[in-house]
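The numbers here are math on the coordinates, done by the rules we state, and not lab data. Computed from a predicted structure; not experimentally measured. All Cβ positions, glycine included, derive from the backbone under ideal geometry; neighbour counts span all protein chains shown.
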Amino acid sequence: MLGTMISDFETMIADLDGHIPTEENRTRIEDTARPAYSTLAKRRPRGVRTCSSVAHMKLRLEVAKRELDEVAMQFRVSNRCRTARHHQQRPLAQHPKQAPPAASVQPSSGGIGA
């Protein structure tokens, strides 16, 4: 999401940078102090602030990526340790339970109904 925002801001900055000289050429006024200076061209300071915002977001994105990598590494190490510890604690004789041998049936001594 942050990457998309950065891309959108960079596109807006490029558009603004392209429109301002065009607007100044169209009006033939480049002095920002003149009342007739283009309203569109007056947005240049916003473009500068947007550049600053983009730089800040890129920095935050890089920090977030590094933190994600660190957490993922810690998770993998933790998982390996837990798995190794689990294998060490389990006795070797521990296998899935097998059915006990069938009980032998002994004939009754008195016959039927005894």
At R0 = 22 Å, FRET efficiency that the Cβ-Cβ distance of LEU2 and PHE75 yields, to 0.05: 0.50
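May I ask you to order 30-41, 11-22 by the average number of other C-beta atoms within 10 Å around their residues, highest value first?
11-22, 30-41
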Label point at THR50 placed 7 Å out along Cα→Cβ; residues across the stretch 5-38 whose backbone nitrogen lies under 12 Å: 6-20
Ratio Rg/Rh [Cα only; Rh per Kirkwood] for the stretch 2-89: 1.45
Length-normalised contact order for the stretch 2-89 - Cα pairs under 8 Å, 6+ apart - percent: 32 percent
